[in-house]
Structure formats: C-alpha cells, structure tokens
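Input: a single structure, listed below in structure tokens.
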Amino acid sequence: MSGHTDMVLVDKKGIRIDGRTADEHRAFKIEAGVLNNADGSAYVEIGKNKVLAAVYGPRECHPRHLQNPSKAIIQCKYNMEAFSVSDRKRPGPDRRSIEISKITAEALESVVLTELYPRASIDVYIEILQANAGTRCAGLTAASVALADAGIPMRDIIPACAAGKADGKVLLDLNKEEDNFGDADVPIAIIPSTDEIVLLQMDGNMTRREFDKAIKMAMGACHELYDVQKDALKRRYSVDCKEAEPDEQ
Amino acid sequence: MSNEVISEIRRDHIINLLGEGKRTDGRKLDDFRNIEFETNCIESADGSARVKVGKTEIIAGVKIVPGTPFPDTPNQGVLTTGAELIPMAHPSFEAGPPTEDSIELARVVDRGIRESKMVDVEKLCITEGEKVWMCFIDMYALDYDGNLFDAANLAAVLALKTAVIPAEQYGEGKNKPLPVTCMPISVTSYKIGNTLILDPNFDEEHISCARLTVTTDNKGNFRAMQKGGKGSFTLDELNLCLDASVAKGKEIRKIIG
C-alpha cells in the first residue's frame with residue numbers, strides 16, 4: 001500500500017484497469033483432484049493467480065512433540081515459487097509466508113473435524129505458481145477444496161476473497177496494480193453456511209463505512225466462490241464414476 | 001502463543017464469571033489492566049520504551065543507521081520491525097530462531113506502524129537512491145501475562161515517538177527527532193465462548209478461541225487488522241471488536257499522551 005502514484009486505477013466511468021467494475025471479481029477457475037500422490041489436491045485460478053494445493057493425511061505427526069492427544073493438528077506451508085513474481089523470489093520460507101501459513105492453518109482448523117484424528121497431522125501444502133495479488137485467498141480457497149478432495153470430514157468448505165480500496169473507491173478482489181498502488185486491502189475467509197469470519201486481515205486506511213462496504217462485497221464474492229468450489233468437487237467425482245464403470249466390467 | 005494447558009476447573013471458573021459479565025481479577029470485560037511506561041530508558045538506543053500492561057512487560061528499542069534504500073522506493077527510508085519471545089519472559093518460550101508466533105507479533109505491529117504512516121519515511125531520505133536512514137525497531141518480551149500484541153504495539157510506538165536520528169554520529173548534520181506523524185494504537189479483542197474481552201491475562205488468553213487485533217489512527221480510521229486463533233467471528237462480533245478498538249484506542253492515546 002504505497003498509495004503514492006499518478007496511475008489512474010479507476011476511471012471516470014468507474015471502470016478499473018482490467019476492465020472490471022468496482023464490485024466485479026476476477027474469473028474463478030477451480031479443479032479438484034489434480035495430483036496423483038497427494039491424498040487430496042486442487043488447482044485454483046483467480047484472475048492471473050495460479051495456485052496448487054495438496055493435502056496429505058491424516059498421518060503420523062512429525063515432529064512428534066507437536067502431537068495433540070485429543071485432536072489432529074493442521075500444518076500448513078504456503079510457498080511462492082521463485083518465478084511466481086516479476087523479480088525472482090528467493091526460494092524458501094520468509095516472514096510473510098510463515099505468517100500466511102499460520103493464519104491459513106488456523107482458518108482451516110475452524111472447519112476440519114480434527115477431534116476425529118487424535119495425535120495425527122493433516123499437512124496442507126500451498127504452492128503459488130503465479131502471483132497477482134490475492135494469493136493468500138486463492139491458496140486458502142484451494143486448500144479447502146483439497147481437504148474435501150482428500151475426504152477429510154469438515155463442517156464446511158472455506159472460500160476466501162479480498163476487497164479493498166483504490167483511488168478512494170471500495171473495490172472487490174484487488175489485482176496487482178490496485179494492491180500495490182491502492183489505499184487498502186482486506187482479505188477475508190468465511191464459513192458460508194453461517195457467515196462466520198475465519199480469516200481477516202486489513203492494511204491501509206479505511207473509515208468504518210468503507211470497511212463495512214468492503215466486508216459486504218467480499219462476503220458476497222465468497223458465496224459465489226463457494227458455488228465454484230462445490231461445482232469443482234462435483235465435477236471431480238462425477239467424472240470418476242463414469243471412468244470407473246468400464247474397468248469394473 | 002504457546003500451547004499451555006489451563007486446568008478445567010480454572011477454565012470453568014473463568015467462563016462462569018464471564019457469563020455474569022465479571023473477570024477473575026475484578027475487571028469489566030472491556031477494561032485494560034494498568035498501563036505503565038517509561039521512555040528513553042536505554043541510552044545506547046536511539047529511542048526506547050519499556051511498557052507494562054498489568055504483569056505483561058515488554059521493551060522496545062530503536063536503532064537508526066544510514067543504509068541503501070530499496071530500488072523501488074529510492075526516496076524512502078527503511079522501517080524494520082522484529083520481535084523476540086525470549087525464554088526469560090515465560091517457561092513456554094524457547095531460545096532459537098523466531099517462531100511463527102513472534103513473526104506474527106512483529107508483522108502485526110509493523111503493519112500498524114507502516115500503514116498508519118506513523119514514521120514519515122520520505123523524510124528519512126539523505127541522498128535519493130543512495131543513502132537513507134534505516135530504522136530498526138526491536139521488541140523483547142520480558143514478562144508474559146497475556147496480550148502481547150497491544151503491549152508490543154505500545155512499546156514500539158512509544159520508542160519511535162521518542163527516537164532521535166543520530167545524524168552527528170554519521171556526519172550527516174545535526175541530530176533531529178524521528179519524523180512522527182500519528183500514534184497508531186492496536187486494541188485486540190479476544191473471544192472466550194461467545195464473550196468478547198479486552199486485554200486478557202495469561203489464563204484468559206489461553207482459553208480464548210480467536211482474537212482480532214484492530215489498529216486505529218488518531219482519527220479513529222482503521223489502518224491494520226489481524227484475526228488469529230482457530231475460532232471464528234460473526235459479523236455482529238466483528239462490529240463489537242471495531243467499536244471497542246475505536247473507543248479504547250482513544251482512551252489509550254490519552255494515557256500515553
């Protein structure tokens with residue numbers, strides 16, 4: 001949020017640089033079950049963001065001292081590929097990715113029935129193949145589809161989407177330019193069946209009224225994304241059934 | 001922070017009292033503990049503050065040195081925030097590289113300071129593209145009894161507010177105060193069951209399921225937020241957290257002047 005630029009992010013007609021209106025999200029594309037070895041996986045595109053998520057587990061928890069005798073723990077690793085951003089990113093975890101991993105795991109833990117798997121670990125890997133603002137939301141969206149694909153019991157699946165502010169206007173689902181040169185960013189994730197908020201961050205500068213509007217917009221987009229998540233899971237398993245039939249004859 | 005176990009009987013006691021709107025130490029749900037602070041307590045630092053919120057104690061120091069700016073912001077100084085949860089502060093803290101808890105703590109404090117533009121980084125430019133002042137804020141927890149987020153924010157903000165750029169030491173002219181524009185104050189709401197409280201002590205913090213840190217500026221606008229914990233917030237609860245942060249932020253701003 002540098003906020004200082006001559007770049008026009010929203011024109012006089014209210015159209016953004018990528019042609020969207022203020023309350024329009026980028027194109028969503030979700031596929032479930034895209035990897036062989038993982039117990040569950042998902043591929044998500046939100047605009048130019050390309051994200052893979054994989055789930056292993058429930059399996060034995062390593063390191064052992066992290067085991068919880070009453071429930072499973074969720075260990076999440078969010079990682080950006082070196083080539084995912086315009087300047088090469090130095091490989092390996094940095095402070096940002098450690099923080100995102102932590103809040104993603106906490107958000108997932110609110111819906112996974114961890115009490116069914118004492119002492120186990122559910123490992124979630126999120127790889128950002130291409131980043132264009134909003135990767136933590138895309139990553140969490142992918143991770144919850146991957147958990148469902150792995151057959152892990154959950155109360156619900158979590159969609160995540162951001163809203164923000166640029167050129168003084170509240171906008172849904174910021175792109176890279178709006179994130180870099182805009183005034184605020186508010187990523188959220190919700191449990192769609194109850195509208196409870198399980199991830200919320202904010203940076204920038206917003207009045208109460210702007211914030212309320214941003215939350216409302218982001219929640220609306222989360223519900224749309226939720227339908228795409230469910231659709232991806234349905235497609236994944238309806239295809240499987242058709243393919244499985246000839247084998248069994 | 002840490003996975004300490006609170007006994008069932010203690011947990012039930014705290015929750016039963018909360019049901020009556022009371023807390024184990026007699027505070028109201030939205031009361032902070034006593035805030036004490038001392039600034040410029042470390043002479044070797046360019047700015048420092050030692051803050052006590054109840055029995056939680058944290059010290060922050062600022063060091064300012066000349067360095068090269070980032071290529072994408074050639075006319076801006078550099079601001080870096082670090083936090084250490086050292087073993088001295090609590091038996092559950094271990095020595096070693098930063099944990100995810102200490103990284104989150106530092107990043108949330110950093111976000112409030114950065115996004116509120118508390119430090120006017122453009123005034124930290126010495127020669128554009130070549131030399132700027134780099135401002136390092138380092139925080140160390142000394143005694144941990146809950147609510148490190150708000151205590152750390154206070155310590156960092158107070159240390160910055162009193163910081164002086166040591167220009168003479170580096171032959172860059174006269175010493176001058178660090179250019180500070182506002183006071184970002186964070187107020188963290190913790191959710192225990194369905195009750196929201198402010199400034200939890202250790203036991204309260206460890207039975208809470210979720211927290212929301214909200215940092216406001218002098219105008220009461222929102223500058224940074226961070227939800228943590230495995231629980232969730234409803235929209236109504238979110239609104240209560242926002243109200244609390246604006247109201248309590250105002251009170252705290254008065255206390256620290």
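Structure notes:
- Exactly one residue among B:36, B:4 is assigned to a strand (DSSP E or B) and loosely packed, with under 15 Cβ neighbours inside 10 Å, and that residue is B:36.
- The condition of being among the aromatic types (Phe, Trp, Tyr) and over 30 Å from residue A:176 (Cα atoms) does not hold for residue A:78.
- Residue list for region A:1-52, filter: over 23 Å from residue A:219 (Cα atoms) and of a type in the set (Asp, Glu): A:6, A:11, A:39
- Filtering region B:220-235 for residues that are more than 27 Å from residue A:194 (Cβ to Cβ), touching a strand residue (DSSP E or B) at 6+ places or on another chain (Cβ under 7 Å) and at pLDDT 95 or above leaves a non-empty set.
- Single residue of region A:23-72 satisfying the filter (outside any loop (DSSP other than H, G, I, E, B) and among the hydroxyl-bearing types (Ser, Thr, Tyr)) that is surrounded by the fewest Cβ atoms within 10 Å (Cβ to Cβ): A:56
- Selection count where residues are over 15 Å from the mean Cα position of the chain (by Cα) and crowded, with 24+ Cβ neighbours inside 10 Å, scope region B:129-159: 3
- Residues of region A:96-118 classified as surrounded by fewer than 17 Cβ atoms within 10 Å (Cβ to Cβ) and within 14 Å of chain B (Cβ to nearest Cβ), total: 3
- All conditions in (1) surrounded by 18 or more Cβ atoms within 10 Å (Cβ to Cβ); (2) within 14 Å of another protein chain (Cβ to nearest Cβ); (3) under 21 Å from residue B:188 (Cα atoms) hold for residue B:121, with the sole exception of (3).
- Of the strands (runs of 3 or more DSSP E) that lie entirely inside region B:76-154, those containing 1 or more residues that are touching a helix residue (DSSP H, G or I) at 6+ places or on another chain (Cβ under 6 Å) and not polar (S, T, N, Q) span B:78-84, B:131-143.
- Matching option when the condition is among the hydroxyl-bearing types (Ser, Thr, Tyr) and either under 17 Å from the mean Cα position of the chain (by Cα) or at the interface with chain A (Cβ under 8 Å from one of its Cβ atoms) (or both), among B:215, B:195: B:215
- Subset of region B:220-244 [closer than 17 Å to residue B:195 by Cβ, more than 7 Å from every other protein chain (Cβ to nearest Cβ) and not aliphatic (A, V, I, L, M)]: B:236, B:237, B:239, B:241, B:243
- The lone exception for residue A:133 - which of (1) assigned to a loop (DSSP other than H, G, I, E, B); (2) of a type outside the set (Val, Ile, Thr); (3) within 12 Å of chain B (Cβ to nearest Cβ) it fails: (3)
- Criterion (hydroxyl-bearing (Ser, Thr, Tyr), touching a residue at least 24 places away in the same chain (Cβ under 8 Å) and within 21 Å of residue A:212 (Cα to Cα)) met by exactly one of B:234, B:216, B:181: B:216
The values are calculated or read from the model by the stated rules, or taken from the named source; none is laboratory data. As the structure is a prediction and not an experimental result, all values here were calculated from the model. Note that each Cβ is placed from the backbone with ideal geometry, even for glycine, and that neighbours are counted across all protein chains shown.
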